[in-house]
Amino acid sequence: MLTTVIALAALAWAVWEWYRRTPSKGAGASAERHARTLRTPLVRIADALGIQTKAGQRAGNFNAAAISEARVGALLDTLTAEGCSVLHDRWLRGKNVDHIVIGPLGDITVGDTKWWSAHYPLTVRAGRLLHGRRDVTDWLDGLHWEAREVSRLLGGVRVRKVVFMCGARLLGPDGRPVGELVVDGIRIVPADQALAVLRRTARIPGQRTRAELTALAEHALPPHTDR
């Protein structure tokens with residue numbers, strides 16, 4: 001009996017190792033892989049028994065992020081029919097860039113999908129971003145860094161920064177819903193407004209052609225899950 005249990009446990013672990021190492025591609029791929037890695041057989045058993053674990057909670061957060069990134073990615077992919085190049089989940093010095101959109105005129109947008117609780121609204125007060133009462137301005141530092149690095153890798157071109165917000169509502173100073181917030185040069189828009197925002201900004205000419213920039217980006221920023 002014990003031998004059978006050990007054999008089944010070993011098989012379960014082998015299946016999990018194969019599953020977590022199976023490469024995935026596209027928007028949300030890195031977050032999905034993190035979720036799969038955290039959901040070990042023991043964590044899955046705990047989840048099935050209703051036992052909450054830190055690994056299980058983290059896996060749930062990564063899974064929610066993956067779903068949000070995939071949904072935004074699917075929206076952005078429709079822009080390819082309008083002459084844009086769209087890259088997702090790109091490797092950048094050990095981190096990943098959620099989305100890079102290169103418009104038909106050579107303009108570039110680095111996008112970050114955020115999944116924040118809908119229980120608290122997003123507002124801007126005195127130049128600071130608040131999620132409910134919590135100051136989350138520093139949570140945007142990663143996007144600033146990504147934009148600087150993408151600009152450097154693509155020859156110093158100008159790069160726009162956009163957060164595609166899932167979950168949290170955007171409120172203006174009067175407490176009413178708004179379609180956009182701006183903090184330190186970063187535009188924060190509801191995820192379902194992603195296409196409208198990018199279509200407006202895509203009319204601004206860039207510094208190099210879309211084909212040149214796409215070739216540079218494909219070389220300098222490979223898919224994160226390939227690394």
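Observations
- Taken as Cα centroids, the stretch 139-176 and the stretch 66-111 sit 13 Å apart, rounded to the nearest whole angstrom.
- Whole-Hz couplings from phi, Karplus 6.51/-1.76/1.60, listed for the stretch 162-175; x for Gly and Pro: 9, 9, 9, 8, 10, x, 5, 7, 9, 10, x, x, 8, x
- With 0.36 nm allotted per residue and the present C-alpha distance subtracted, the residue 152-residue 80 stretch has 23.5 nm of extension available.
- Zone of residue 119's modelled label, taken as backbone nitrogen in the stretch 48-72 under 19 Å from a point 7 Å along Cα→Cβ: 52-65
- Within the shell defined by Cβ-Cβ distances under 14 Å, the residues around residue 68 carry a net charge of -4, with Lys and Arg each +1 and Asp and Glu each -1.
- Antiparallel DSSP beta bridges within the stretch 2-226, as percent of all bridges there, nearest 5: 60 percent
- Size of charge dipole - the chain - debye, nearest 20, with Cβ of Lys, Arg +1 and Asp, Glu -1, no other charges: 280 debye
- 0 to 90° range, to nearest 10: angle between helix 29-38 axis and the chain longest Cα axis: 30 degrees
- 17 Å Cα cut-off, lysine pairs counted over the chain (separation 8 or more, or different chains): 4
- Our summary gives the chain a relative contact order of 21 percent, counting only alpha carbon pairs under 8 angstrom and 6 or more residues apart.
Where a number appears in this text, it was derived from the coordinates with a stated rule and is not lab data. Just so it is clear, the structure is predicted and the values come from calculations on it, not from any experiment. Here Cβ is always computed from backbone atoms with ideal geometry, including for glycine, and neighbour counts include all displayed protein chains.
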